[in-house]
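S.K.: Next up is a structure, given as structure tokens.
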Amino acid sequence: MAALSQNLRWSWHRQTRDFFASLDPKVWDEVGHDPVALLGSIPTEKLAELSANADVVRQAADLERELNDYLTKPLWFQSDFHSPDKPSAIAYFSAEFGITAVMPQYSGGLGILAGDHLKSASDLGVPIIGVGLLYQSGYFRQSLTREGWQRESYPVIDPDNMPLTLLRNHDGTPAYVSVPLPDHRTLNAQIWVAHVGRVPLLLMDSDVTINDTATRQVTDRLYGGSSEHRVEQEFLLGMGGVKALRLYSQITGAPTPEVYHCNEGHAGFLAVERIRELMCGDERLDFGAAIEAVRSGTLFTTHTPVPAGIDRFDRGLAHRYLSAIEIPGVSTEQLLDLGAENYPGGEPNLFNMAVFGLRMARKANGVAKLHGKVSRRMFQQLWPGFDVTEVPITSITNGVHGPTWTDGRLADLAREHQNPGEHVNTYRWVRPASEGGISDEDLWKMRCDLRRQLVEDARRRVRESWLERGASPAELGWCDSILDPNRLTIGFARRVPTYKRLTLMLNDPDRLARILTDPKHPVQIIVAGKSHPDDEQGVSLIQQLVHFADQHGIRDHIAFLPNYDMDMAQTLMPGVDVWLNNPLRPLEASGTSGMKCAINGALNLSISDGWWDEMYDGRNGWVIPTAEGVDDPVRRDQIEAAGLYDLIEQSIAPRFYDRDETGIPRHWMEMVRHTMSTLGPHVQAQRMVSEYVEQLYTPVAAASRRLNALGHGDARSLSDYKARVRSGWNQIAVGHVVSKVGDVATVGDNVTFHADIRLGNLRPEDVEVQVVFGRVTPDDSISKFDVYAMNCIGEENGMFKYELTRALTQAGPYGYQVRVVPRNDMMDCYTELGLATNAERAADSPDLHYNFGS
Ligand SMILES: *Cc1c(COP(=O)(O)O)cnc(C)c1O
């Protein structure tokens, strides 16, 4: 039982949880469904009794066997993923991890995504090691005051009573990492290991007696405190994290990571520690070569287009902390430059962790297609000389861990209706009944059961909340009858930064009240969300919403549930009929809560942003029209809120209440089936993790292996190459350029381009000369272009001659540009250095910009 409780697989393995619950259902509920706490709370006599029960002993043994099988058998990564460059191990760094409500080490989407990433990696057999911090109080617990203001409390966790094991040296003493702080202080931390299925998660904890009182507090809270506090946490996460990985490998024999995945900028300092290792190690790399070696194995994922979501430290502060790091041969200024916003529009007095992360990574990605696009625009300045579409930031759309986020009863229903051998993620069991899928009756009954479960949970939470708000139990009879298990139920829960617009639904309070209490088509809304305590605006939005929900006549139709966490989410998302999301487009990077709803058969009603922008198909939910381009924010909110009300009144409620003679909403159920069967397979974190493995981890591992081979010859030579190209670049000039084509060119005609290029001290093998060939836009630039490399055909008077012949592939007004970019097969892409020299366009020369015939 201890083994079962210590591996967090129980958090997504139904049978294990059911087994623990069966040991003592009452205590199980009391301890918040926490197996470790449960085992600690069952009296010894009862334990003795259980261990004499052959049935219990057999079940425990079966579950342990099943767990061991899960932990050791070959999975997708071992059996079905084939590549010579498979990474031996990947380190996944994140400031927060949401694995289960029992370990409150997350604030919202970023952490839960990290948890889902580890769980799915485990399910796929991907060799990941998580790296994070253990916060004594996690984020915060939210309750409400009588007047509806958020109140924060910070319950302290006890790591000894959590599924965590202290990492110990072979002699049994705790293993410590330490990082230097200014004024010759040292920050020490012990390392807790959580087992997330097959994935170890290392959590550093500064609450150790060898620290002074101040440094003991470094890991007190998630995202709390001053900037100094944040830098200290991030020093520990990044630099301490690398040291923790080394200790973990030494002690357990686990492989050293080849890929370092920096999940958002918080862990960026991992690059500094790895540079230090390489420069101070046996091979004594210089700064440039160390940077190349480190970059080659690093992946950076950006998670937000909201500037306030990006860590930017005052340069003076960053200087003070970075100067505590001693790397012979590297000045603090050199380290500072890596995160400097030294580009047009940048803020010279800030050290930007995202910019730092991007510069230190071989590959980078956003978390949905639209977010990739927005990120390329946002960080375009780091790659001057290139078109925004060429900025090397790709995207992998987020996903959610199915077994964590599918309601247990729905999962049982799926198992009943699935054909043997069919993978759950295919969702074939929800195909139409006429094709052998589950009947409308059975699926609708399940949807109603899930809604009822939610309504009961909401009543309980509202009642508890009012008790905390100072009401007496005798006043609270009404709580037992709020909401209606048969009413159309809309859910809205998320963190409360301004861009998520918690109160958009209140834009016209009278209209909302009419919608909620409509006699024919009544609606109810369940709302939850925490605001960062320092965000005054967010805190006040919550108060406005609670104030609205407190009104008599309304309170039966709208409820605010305090302390949004994973536990609440697991009942809320399956139980709603419609999940509402109304961010200011395009500020929602991805969003994942709507995905958790979709896999349970709830429909999405959302602004076209994040994941929904790419996955809405016209039949799986609704899009709230955006008024992007309306500059007045008040007006924009009005327009978008009106669109939201219209959709509920005119489409959603009528469809939900459109029943046949047996009471079933047939049209609604078509949408439910369609949502589950089309989105279900797509929004899985397994899909996401396998894409990371194939598109990012594996190529990064290949580069890392090459540049970190013994002696680091390639890292040194790439660094030399870059230095040479950077210093010689301004001598490059594109001379005479011509193209030849018939008078009336049509598709299939050949065009020949010639260009004369001066290379200064560089050689033709150092560069690529390209024709950028595409459509001419009304503002006379080239868009939708293709890029072709030209061939060097000789040298004349210090000019290199380049040539290329291509067939026209499309008709229309086409133009071209000739440019020179760096070329080196050790680079990930030609944009890497942000250097490009274009041919000057002479105003009177048609040569450089040739419009082909129709
Ligand atoms: C899924 C989830 C989130 C993230 O949801 P978004 O859609 O990204 O806002 C936040 N908090 C909890 C508790 C969740 O379960």
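The values are calculated or read from the model by the stated rules, or taken from the named source; none is laboratory data. Keep in mind the model is a prediction, meaning the values are calculated, not measured. As a convention, Cβ positions derive from the backbone with ideal geometry for all residues, glycine included, and neighbour counts pool all protein chains shown. The protein model used for the area step is the full one, side chains on, heavy atoms only, and it has no ligands, DNA or RNA in it. Shrake-Rupley method; radii C 1.70, N 1.55, O 1.52, S 1.80 Å.
S.K.: Give me a count of the residues in segment 88-121 that are surrounded by fewer than 24 Cβ atoms within 10 Å (Cβ to Cβ) and away from the ligand (no atom under 16 Å from the Cβ).
M.R.: Selection size over segment 88-121: 2.
S.K.: Looking at segment 474-506, which of its residues are more than 16 Å from the ligand (Cβ to nearest atom), in a helix (DSSP H, G or I) and of a type in the set (Ser, Thr, Tyr)?
M.R.: Ser481
S.K.: On the given criteria, is His552 assigned to a loop (DSSP other than H, G, I, E, B), surrounded by fewer than 21 Cβ atoms within 10 Å (Cβ to Cβ) and free of Cβ contacts under 8 Å to residues at least 40 places away in the same chain?
M.R.: Criteria met by His552.
S.K.: Any residue at all in segment 712-720 that's farther than 14 Å from Asn398 by Cα, assigned by the TED database to the domain that holds Arg274 and among the hydroxyl-bearing types (Ser, Thr, Tyr)?
M.R.: No, every residue in segment 712-720 fails to be farther than 14 Å from Asn398 by Cα, assigned by the TED database to the domain that holds Arg274 and among the hydroxyl-bearing types (Ser, Thr, Tyr).
S.K.: Those residues that are more than 20 Å from Ala289 (Cβ to Cβ) and in a helix (DSSP H, G or I), I need them from segment 337-356; list them, please.
M.R.: Met353, Ala354, Val355
S.K.: Suppose we keep only residues that are open to solvent by less than 20 Å² (accessible area, probe 1.4 Å) and within 8 Å of the ligand (Cβ to nearest atom) within segment 570-588. Which one would you say is farthest from Thr517 (Cα to Cα)?
M.R.: Among those that are open to solvent by less than 20 Å² (accessible area, probe 1.4 Å) and within 8 Å of the ligand (Cβ to nearest atom), it is Glu588.
S.K.: Which residues, counting only those in segment 718-747, are open to solvent by 50 Å² or more (accessible area, probe 1.4 Å) and either touching a residue at least 40 places away in the same chain (Cβ under 8 Å) or among the polar types (S, T, N, Q) (or both)?
M.R.: Across segment 718-747, the qualifying residues are Asp720, Ala723, Arg724, Arg726, Ser727, Asn730, Gln731, His736, Asp743, Val744, Thr746, Val747.
S.K.: I'd like to know if segment 548-560 contains one or more residues that are at negative phi and within 14 Å of the ligand (Cβ to nearest atom).
M.R.: no
S.K.: A further question follows. Go through segment 487-508 and count every residue that is open to solvent by 30 Å² or more (accessible area, probe 1.4 Å) and closer than 16 Å to Met568 by Cβ.
M.R.: 1
S.K.: Restrict the check to segment 38-45 and report whether at least one residue is among the charged types (D, E, K, R), open to solvent by 50 Å² or more (accessible area, probe 1.4 Å) and at pLDDT 95 or above.
M.R.: Checked against the condition, which is being among the charged types (D, E, K, R), open to solvent by 50 Å² or more (accessible area, probe 1.4 Å) and at pLDDT 95 or above, segment 38-45 yields no hits at all.
S.K.: Are there any pairs, at least 6 apart or on different chains, whose C-beta atoms fall under 6 Å, with the first in segment 20-34 and more than 17 Å from Ala60 (Cβ to Cβ) and the second part of a loop (DSSP other than H, G, I, E, B), and if so, which?
M.R.: The qualifying pairs are Asp34/Val102.
S.K.: Is at least one residue of segment 675-682 within 15 Å of the ligand (Cβ to nearest atom) and either closer than 16 Å to Phe492 by Cα or open to solvent by less than 10 Å² (accessible area, probe 1.4 Å) (or both)?
M.R.: Checking segment 675-682: at least one residue is within 15 Å of the ligand (Cβ to nearest atom) and either closer than 16 Å to Phe492 by Cα or open to solvent by less than 10 Å² (accessible area, probe 1.4 Å) (or both).
S.K.: Check Ala513, Ala471 and return the single one that is without any contact (Cβ under 8 Å) to a residue 12 or more places away in the chain, open to solvent by less than 60 Å² (accessible area, probe 1.4 Å) and either away from the ligand (no atom under 16 Å from the Cβ) or in the same structural domain as Arg146 (by the TED database) (or both).
M.R.: None of the other options fit; the residue is Ala471.
S.K.: Return the total of residues in segment 659-677 being over 14 Å from Gly618 (Cα atoms) and polar (S, T, N, Q).
M.R.: Residues flagged as over 14 Å from Gly618 (Cα atoms) and polar (S, T, N, Q) within segment 659-677 amount to 2.
So that you can scan it fast, the table gives a plain yes or no per residue for (1) over 24 Å from Asp311 (Cα atoms); (2) assigned to a loop (DSSP other than H, G, I, E, B); (3) at pLDDT 95 or above:
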residue	(1), (2), (3)
Asp183	no, yes, yes
Thr186	no, no, yes
Ile210	yes, yes, yes
Arg221	no, yes, yes
Glu228	no, no, yes
Val231	no, no, yes
Gly240	no, no, yes
Ile251	yes, no, yes
Thr256	yes, yes, yes
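S.K.: Kindly indicate whether Asp567 is in a helix (DSSP H, G or I) and either charged (D, E, K, R) or more than 9 Å from the ligand (Cβ to nearest atom) (or both).
M.R.: It is true that Asp567 is in a helix (DSSP H, G or I) and either charged (D, E, K, R) or more than 9 Å from the ligand (Cβ to nearest atom) (or both).
S.K.: I'd like to know if segment 594-602 contains one or more residues that are within 15 Å of the ligand (Cβ to nearest atom), more than 21 Å from Ala411 (Cβ to Cβ) and either open to solvent by 10 Å² or more (accessible area, probe 1.4 Å) or not charged (D, E, K, R) (or both).
M.R.: Taking every residue of segment 594-602 in turn, none turns out to be within 15 Å of the ligand (Cβ to nearest atom), more than 21 Å from Ala411 (Cβ to Cβ) and either open to solvent by 10 Å² or more (accessible area, probe 1.4 Å) or not charged (D, E, K, R) (or both).
S.K.: When you check Arg687 against the structure, is it closer than 30 Å to Trp611 by Cβ and surrounded by 15 or more Cβ atoms within 10 Å (Cβ to Cβ), yes or no?
M.R.: Against the criterion (closer than 30 Å to Trp611 by Cβ and surrounded by 15 or more Cβ atoms within 10 Å (Cβ to Cβ)), Arg687 qualifies.
S.K.: Which residue out of Glu264, Glu333 is buried (at least 20 other Cβ atoms within 10 Å of the Cβ), touching a helix residue (DSSP H, G or I) at 6+ places or on another chain (Cβ under 9 Å) and of a type in the set (D, E, K, R)?
M.R.: Every option except Glu264 fails the conditions.
S.K.: Return a yes/no flag: does segment 150-167 have any residue that is surrounded by fewer than 16 Cβ atoms within 10 Å (Cβ to Cβ), closer than 29 Å to Asp550 by Cα and among the acidic types (Asp, Glu).
M.R.: Looking through segment 150-167, none of the residues is surrounded by fewer than 16 Cβ atoms within 10 Å (Cβ to Cβ), closer than 29 Å to Asp550 by Cα and among the acidic types (Asp, Glu).
S.K.: Also, I was wondering about something else. Report yes if Thr397 is within 16 Å of the ligand (Cβ to nearest atom) and either part of a helix (DSSP H, G or I) or of a type in the set (A, V, I, L, M, F, W, C) (or both), otherwise no.
M.R.: No: the conditions fail for Thr397.
S.K.: Report those strands (runs of 3 or more DSSP E) wholly inside segment 707-786 carrying at least 3 residues which are touching a His at 6+ places or on another chain (Cβ under 9 Å).
M.R.: Fully inside segment 707-786 and qualifying: 733-740, 750-758.
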